[in-house]
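The values are calculated or read from the model by the stated rules, or taken from the named source; none is laboratory data. The shown structure was predicted, so the numbers you read here are calculated from the model rather than taken from an experiment. Cβ placement follows ideal geometry from the backbone for every residue including glycine, while neighbour counts extend to all protein chains displayed. To get the accessible areas, we keep the full protein, side chains included, count just its heavy atoms, and leave off ligands, DNA and RNA. Shrake-Rupley method; radii C 1.70, N 1.55, O 1.52, S 1.80 Å.
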Amino acid sequence: MECRVGCAACCIVISISSPIPGMPHGKPAGVPCIHLTPDRRCALFGHPDRPEVCRAFAPSEEHCGRTNEEAFRLLERAGGVVREALALAGLDA
């Protein structure tokens, strides 16, 4: 599956715990990455400073659904499951 133009759900919904250029403490979930361009593309795509979590994320129907709106819902739900699991384990999200 190719990334849908204008979606950017993964650049907004997903938290990034590693430093990003201009965001030394990473990016909280729900906050657009500062490297998201006006046309909702990654300005760091193909750049060595792009975080590993971003390089490793591959678009799939499981994560991205069939529409941009569905991508936001699926990724938000997945993040909630992870936060619940971490809380049950006594770990910070």
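Within the range 1-34, track down each residue that is open to solvent by 40 Å² or more (accessible area, probe 1.4 Å), touching a helix residue (DSSP H, G or I) at 6+ places or on another chain (Cβ under 9 Å) and not in a helix (DSSP H, G or I). Spell out the reasoning first.
Residues of the range 1-34 open to solvent by 40 Å² or more (accessible area, probe 1.4 Å): 1-5, 10, 14-15, 17-19, 21-22, 24-25, 28-32, 34.
Still in the list and also touching a helix residue (DSSP H, G or I) at 6+ places or on another chain (Cβ under 9 Å): 1, 3-4, 10, 14-15, 17-18, 29-32.
Those that are open to solvent by 40 Å² or more (accessible area, probe 1.4 Å), touching a helix residue (DSSP H, G or I) at 6+ places or on another chain (Cβ under 9 Å) and not in a helix (DSSP H, G or I): M1, C3, R4, I14, S15, S17, S18, A29, G30, V31, P32.
From (1) among the charged types (D, E, K, R); (2) at pLDDT 90 or above; (3) surrounded by 13 or more Cβ atoms within 10 Å (Cβ to Cβ), pick out the condition that doesn't hold for E61.
Among (1) among the charged types (D, E, K, R); (2) at pLDDT 90 or above; (3) surrounded by 13 or more Cβ atoms within 10 Å (Cβ to Cβ), E61 violates only (3).
Which numbered condition in (1) part of a loop (DSSP other than H, G, I, E, B); (2) in contact (Cβ under 8 Å) with a residue 12 or more places away in the chain is the only one that G90 fails?
Failing condition for G90: (2).
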